[in-house]
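The values are calculated or read from the model by the stated rules, or taken from the named source; none is laboratory data. Values in this document were obtained by computation on a predicted structure and should not be read as measured data. Backbone-built Cβ (ideal geometry, glycine too); neighbour counts: all protein chains shown.
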Amino acid sequence: MDKNYKAKILLADDDPDILEFLSYNLKKENYRVYSAENGEEAIEKSLKHKPDLILLDVMMPKKNGMDVCKELRENPQLDDVIICLLTARNEDYSQIIGFESGADDYVAKPIKSTVLIKRIEALLKRKIKRDDLENKIFISGDIKIDFESRKVYVGKKEISLPKKEFKLLKLLVSQPGKVFTREEIYSKVWGNDVIVGDRTIDVHIKKLREKIGNNYITTIKAVGYKFNLE
């Protein structure tokens, strides 16, 4: 296989026809593809191959996709992997459960291969490794963030962010487009051992929007928040 592949993708689905179809189309686009036919194999191959993106079917034997997603999210070795759930179900509650399990995106089957490839390309473009942010400058639209100096600019104006607001913004921009659940935000911004009120996140999000504008941070009802690239 060409060493200059675009990215490593793991396909996890118990339908061999779907695996064969998706694998064929992704390989044509120069992706390195691995396959798993059940939840346990998906975890095993994720740890072995460290894929950039996982397409994870929700209904699988041994472990379902939601449980696999939660387990992968708890593993620091796979902190930056993008997880996209595949399911034949399209109800809102399934999407909510999917995001709460740590998924980055959600695709209802059946889906055309051309559409799925475009979705994959968009997801991979969003990926910014958290470890690389420390010495980088992030720019999106009018926003400029210097992570090393902890300075934030909207246009040419520098704005002042308290420690928690800056930490919250940094978390959201670490993976643009990813929906961060309220539980993730509490854990990563305030810490598991800190007790805060239910409205704490909402208040900090409101303050961020007042300072950077309303278009960048989107509320996902009953789930959490995500940062939108301009």
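Before moving on, here are some points about what is shown:
- Being more than 16 Å from the chain's Cα centre (by Cα) and either farther than 25 Å from T181 by Cβ or surrounded by fewer than 15 Cβ atoms within 10 Å (Cβ to Cβ) (or both) is a property that holds for K27.
- Which listed residue, of D17, D67, is in the same structural domain as C84 (by TED's automatic domain parsing), without any contact (Cβ under 8 Å) to a residue 24 or more places away in the chain and out of contact with any strand residue (DSSP E or B) (no Cβ under 6 Å at 6 or more places or on another chain): D17
- For region 120-135, the candidate set comprises residues that are surrounded by 15 or more Cβ atoms within 10 Å (Cβ to Cβ) and modelled with pLDDT of 80 or more; within that set, the residue that is farthest from the chain's Cα centre (by Cα) is I120.
- Within region 102-115, the set of residues being closer than 10 Å to C84 by Cα and part of a strand (DSSP E or B) comprises D105, Y106, V107.
- Of note, I159 does not satisfy the criterion of being at pLDDT below 85, farther than 29 Å from Y106 by Cβ and of a type in the set (A, V, I, L, M).
- Of all positions in region 153-163, at least one carries a residue that is among the aromatic types (F, W, Y), over 25 Å from G102 (Cβ atoms) and assigned to a strand (DSSP E or B).
- From the options F99, F166, residue that is outside any strand (DSSP E or B), modelled with pLDDT of 80 or more and surrounded by 12 or more Cβ atoms within 10 Å (Cβ to Cβ): F166
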